[in-house]
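Student: Okay, handing you the structure first.
The values are calculated or read from the model by the stated rules, or taken from the named source; none is laboratory data. Just so you know, these numbers come straight off a predicted model, no measurement behind them. Cβ coordinates were reconstructed from backbone atoms using ideal geometry, including for glycine residues, and neighbour counts include every protein chain displayed. All accessible areas refer to the heavy atoms of the entire protein, side chains included, with ligands and DNA or RNA removed. Shrake-Rupley method; radii C 1.70, N 1.55, O 1.52, S 1.80 Å.
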Amino acid sequence: MQIKYTGVEMLIRESVLRSILVSSVALSVCPAGVAAQETGFPTRPVTIVVPFPPGGFLDLGARVVAESLSRELKVPVVVENKAGGAGLVGATAFLNTRPDGHTLLSASGAAVISTVQLSKAPAFDPRKDLLPVAYLGDTPSVMAVGKSSPFTTFSDFVQYARSNPGKLKGTLSGLGGEAHIIFEGIRGNARIDSKLVPAANISGVITAVLGGHVDWMTGTLPGVLQYHKSGDMKILLLTRRASELPGVPSGADAGFPDISVNVWMAMFAHSKTPRPVHDRLVSAVSRAVKDPEVAKRLARSGVTLGYRAPVELAKLIDEQWTIYAKVIKEAGLKVD
């Protein structure tokens with residue numbers, strides 16, 4: 001079956017074209033040198049490292065925000081994808097760049113929490129090595145099945161899985177990432193025995209579900225929403241309520257409040273970034289995300305913009321560090 005472009009992929013194509021235009025305008029109207037004379041930062045283009053392949057939730061968010069941020073900083077802001085290790089490769093590479101604010105990290109809990117906890121020799125500690133700039137928003141994680149599946153509710157799925165241990169197969173992309181955490185959260189909280197057949201990427205996940213090779217999947221709302229709307233897939237559970245799907249219950253609605261890990265998007269600088277530069281970044285990003293067009297474009301793919309200041313992001317990291325550690329321990333997860 002031919003895979004359609006998701007809403008995320010279409011927005012990324014649009015974002016790339018917009019980025020080229022915005023960058024050109026920024027260079028011609030206000031060269032980096034002018035901005036440097038006024039604030040001391042930035043003195044050259046800014047790079048946002050996304051530790052996942054193009055086409056995902058973080059990639060979309062980074063590209064949309066980059067356009068608005070470029071206008072604020074008056075220099076080009078480009079997105080660079082460094083995928084691998086469920087985000088760990090890109091996050092580690094980011095920390096090896098010069099800590100002068102010209103390189104930022106767009107990350108989620110997978111890149112800076114779960115993969116670190118699953119690593120035998122962690123390359124960094126997000127609570128010490130990353131400097132929060134802003135929490136930008138989140139999207140629900142989802143549990144979905146194919147259109148031919150006999151399950152119409154999450155309750156149906158759980159009841160069958162409990163009565164037929166080991167018979168159902170599920171899939172996800174990104175071992176150690178949010179989809180994996182949610183998969184294990186469902187298996188553990190719902191007390192079901194279901195095999196995991198991981199896929200290389202989200203396209204592999206969609207292909208497996210649409211082709212009937214697996215019975216269920218976990219992922220993000222932006223990656224699945226189009227297929228749900230077209231009738232090719234059925235989303236049975238969300239980690240939080242979504243306005244786009246008023247009839248789909250959250251984990252709490254279904255009686256499983258611990259199935260609640262959303263996929264969030266946040267911006268970080270290196271912990272050694274000078275204070276004046278960090279202050280400039282915080283101010284610029286906070287203004288960039290207030291652009292109504294940013295919220296509108298993200299919302300089209302199920303992403304809810306929700307700015308939080310650095311201190312709130314730091315608190316979230318601490319809280320989710322404990323939540324992820326609990327799920328990983330109870331599920332006995334081991335990746336590397």
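Student: Could you compute the net charge surrounding SER260? Neighbours are other residues with a C-beta less than 14 Å from the C-beta of SER260; K and R count +1, D and E count -1. It would help to have the intermediate numbers written out before the result.
Tutor: On the way: positive: ARG240, ARG241, LYS326; negative: ASP138, GLU178, GLU184, ASP253, ASP258, GLU319.
Value of the local net charge: -3.
Student: Using +1 on the beta carbon of Lys and Arg, -1 on that of Asp and Glu, and nothing else charged, what's the dipole of the stretch 133-278 about the Cα centre, debye to 20?
Tutor: 140
Student: Any idea what the relative contact order of the stretch 155-226 is, in percent, if you count C-alpha pairs under 8 Å spaced at least 6 apart?
Tutor: It rounds to 39 percent for the stretch 155-226.
Student: What ranking, highest mean first, results for peptides 52-61, 205-214 when packing means the other Cβ atoms within 10 Å averaged over each residue?
Tutor: On the way: 52-61: 25.0, 205-214: 19.3.
Peptide ranking by packing, descending: 52-61, 205-214.
Student: Let me have the relative contact order for the chain, percent, based on Cα pairs under 8 Å that are six or more residues apart.
Tutor: Once divided by the residue count of the chain, the mean separation gives 24 percent.
Student: Could I ask something else about it? Which of the peptides 258-268, 104-114 is most tightly packed, and how do the rest follow, judged by the mean count of other Cβ atoms within 10 Å per residue?
Tutor: Order by mean packing, descending: 104-114, 258-268.
Student: On to the next question. Please give the peptides 216-227, 274-285 ranked by average Cβ packing (other Cβ atoms within 10 Å per residue), highest first, as a rough proxy for protection.
Tutor: Result, highest mean first: 216-227, 274-285.
Student: Measure out, as a whole number of angstrom, how far apart the alpha-carbon centroids of the stretch 65-113 and the stretch 309-327 sit.
Tutor: 19
Student: For the chain, what is one quarter of the convex hull surface built on the Cα atoms, given in nm²? Each step should come with its number before you reach the end.
Tutor: On the way: hull surface 63.3 nm².
In nm², the orientation-averaged hull projection of the chain is 15.8.
Student: Next up: Excluding residues on the same chain fewer than 8 positions from LYS120, give the lysines whose Cα lies under 27 Å from its Cα.
Tutor: Output for LYS120: LYS82, LYS128, LYS195, LYS272, LYS315, LYS326, LYS329, LYS334.
Student: May I ask you to list the lysines whose Cα is less than 24 Å away from that of LYS296, ignoring any residue fewer than eight positions away on the same chain?
Tutor: LYS4, LYS74, LYS229
Student: If you don't mind, there's one more thing I want to ask. With every protein chain left in place, what is the accessible area of LYS315 in Å² (1.4 Å probe, nearest 10)?
Tutor: Only protein atoms counted, so the area is about 130 Å².
Student: A follow-up question, please. Suppose every Lys and Arg Cβ carries +1 and every Asp and Glu Cβ carries -1, with no other charges. What dipole size does the chain come out with about its Cα centre, to the nearest 20 debye?
Tutor: 120
Student: Extension gain ARG287-ARG44, at 0.36 nm per residue separation less the Cα-Cα distance, in nm?
Tutor: 85.5 nm
Student: List the relative contact order of the stretch 217-336 as a percent without decimals, with contacts defined as Cα pairs under 8 Å and 6+ residues apart.
Tutor: Worked out over the stretch 217-336, it gives 18 percent.
Student: Right, another one. Using the Cα centre of the chain as origin and beta-carbon charges of +1 (Lys, Arg) and -1 (Asp, Glu), tell me which of HIS270, SER148, PRO132 is placed farthest towards the positive end of the dipole.
Tutor: SER148
Student: Given charges of +1 on the Cβ of Lys and Arg and -1 on the Cβ of Asp and Glu, with all other atoms neutral, how large is the dipole of the stretch 85-217 about its Cα centre, in debye to the nearest 20? Provide the component values of the computation, followed by the final result.
Tutor: On the way: 11 positive and 9 negative charges, 71 e Å.
Charge dipole, the stretch 85-217, about its Cα centre: 340 debye, nearest 20.
Student: Further question: Working from the alpha-carbon coordinates of the stretch 124-201, get Rg over Rh, Rh being the Kirkwood radius.
Tutor: When Rh is taken as the Kirkwood radius, the ratio is 1.09.
Student: I need the shape label for the stretch 220-336. Rule: rounded when a/c is under 1.5, else prolate if a/b > b/c, else oblate, with a, b, c from the alpha carbon gyration tensor.
Tutor: Since a/c reaches 1.5 but b/c is at least a/b, the shape of the stretch 220-336 is classed as oblate.
Student: Find the all-direction average of the projected area of the Cα convex hull for the stretch 138-284, expressing the result in square nanometres with one decimal place. Don't jump to the answer; show the numbers that get you there.
Tutor: Working: hull surface 41.4 nm².
Taking a quarter of the hull surface, the average projection is 10.3 nm².
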